[in-house]
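What follows is one structure encoded as structure tokens, with my remarks underneath.
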Amino acid sequence: MLPLALRPQAPNPHGPPRQPIRGPPRGPGPPRRLVAARPRRLLPRQDGIPGGGGGRRGGLAPGAEVRGELEAQLSRFRELLGRDPTHVDGHQHVHVLPGVCQVFAEALQACGVRFTRLPMERGVGGCTWLEAPARAFACSVEQDARAAMGPFARHGLRWTDVFVGLSTCGRHMSTHHVSGALARALEGIPTGRAVTAELMAHPGYPSVPPAGGSGEGPDAFSCSWERLHELRVLTAPVLWAQLAQDGVQLCALHELDSKRPGEGTPSEATLETFLEPSPL
């Protein structure tokens, strides 16, 4: 099973949502990876983790099954929240895979979803703290994302100017790594230009089997202490202070006007500064 839309996380009333950088949390957005009932298995399981590692490139279900799964998840989202989501992406970045990205873009356009994620992180291949398999996975994701830009743009999808998070997942998340990833992503951009960025994160509390998952129990990462580590890093005053010093603000996705490369500018909606008291 590899969900294409949104999956609810384990109960976590305190953790901040995953959100773009440049301003307030993304607003009353959806929980990201909601799965309608028991999803179809779109990719084979490897090492007990759905769609883990190298398995993401082989064994894809036919396009009709992918479309049916995504439409079922979007329908379930509407049933639960009474509206369409503002942002949809894929677990393990499956939404940028060849054979999936086109169907994904068509389905989102049909239901009026405007934003998705383009997981291309500058310099991730040179992040020596990542294990070799993690670096290889990140580079393959980036290659797929680059190819998906065309289908996404043709169907009116938007994404942030830059993306970071492949080099800062789990145990690798730290103030130093987050700040460094943002610095690499913004390298060469003229001073004073407003730029939007998304920081991918998975903050939360470890799941306790058999609760969680999509009818098959939580995967290894859901049960890992690394989710709690991310939560602690993201809510620590030192990170908030560093980002505030760097001029970073939080914003909601619906406040962003820009998306397709070279088109539009970020909205001028009122933005809160990043530096806010930690909720913990």
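The values are calculated or read from the model by the stated rules, or taken from the named source; none is laboratory data. These figures come from a predicted structure and were not determined experimentally. We place every Cβ from the backbone using ideal geometry, glycine too, and count neighbours over all the protein chains shown.
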Top-ranked residue of the range 86-140 - restricted to ones that are in contact with a Pro (Cβ under 7 Å, 6 or more places away or on another chain) and among the hydrophobic types (A, V, I, L, M, F, W, C), ranked as modelled with the lowest pLDDT: VAL113
Pick from the range 85-126, criterion within 15 Å of TRP159 (Cβ to Cβ) and in a helix (DSSP H, G or I), ranking: farthest from the chain's Cα centre (by Cα): GLN109
Breaking point among (1) modelled with pLDDT under 80; (2) closer than 18 Å to ALA181 by Cα, for LEU253: (2)
Unmet requirement for THR160, which otherwise passes all of (1) out of contact with any helix residue (DSSP H, G or I) (no Cβ under 9 Å at 6 or more places or on another chain); (2) of a type in the set (Val, Ile, Thr); (3) closer than 24 Å to ALA252 by Cβ: (1)
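Listed here are the residues, each with its yes/no results for (1) surrounded by fewer than 18 Cβ atoms within 10 Å (Cβ to Cβ); (2) more than 21 Å from LEU239 (Cβ to Cβ); (3) touching a strand residue (DSSP E or B) at 6+ places or on another chain (Cβ under 6 Å).
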position: ARG83; (1), (2), (3): yes, yes, no
position: PHE104; (1), (2), (3): no, yes, no
position: ALA136; (1), (2), (3): yes, yes, no
position: CYS139; (1), (2), (3): yes, yes, no
position: GLY150; (1), (2), (3): yes, yes, no
position: PHE163; (1), (2), (3): no, no, yes
Qualifying residues in the range 194-215 (those that are within 18 Å of GLY90 (Cβ to Cβ) and in contact (Cβ under 8 Å) with a residue 12 or more places away in the chain) - the one surrounded by the fewest Cβ atoms within 10 Å (Cβ to Cβ): MET200
Single residue of ALA183, ALA201, ALA197, ALA147 found to be over 23 Å from LEU108 (Cβ atoms) and among the hydrophobic types (A, V, I, L, M, F, W, C): ALA183
Residue match in the range 149-160 (condition: in contact (Cβ under 8 Å) with a residue 40 or more places away in the chain and farther than 30 Å from PHE77 by Cα): no
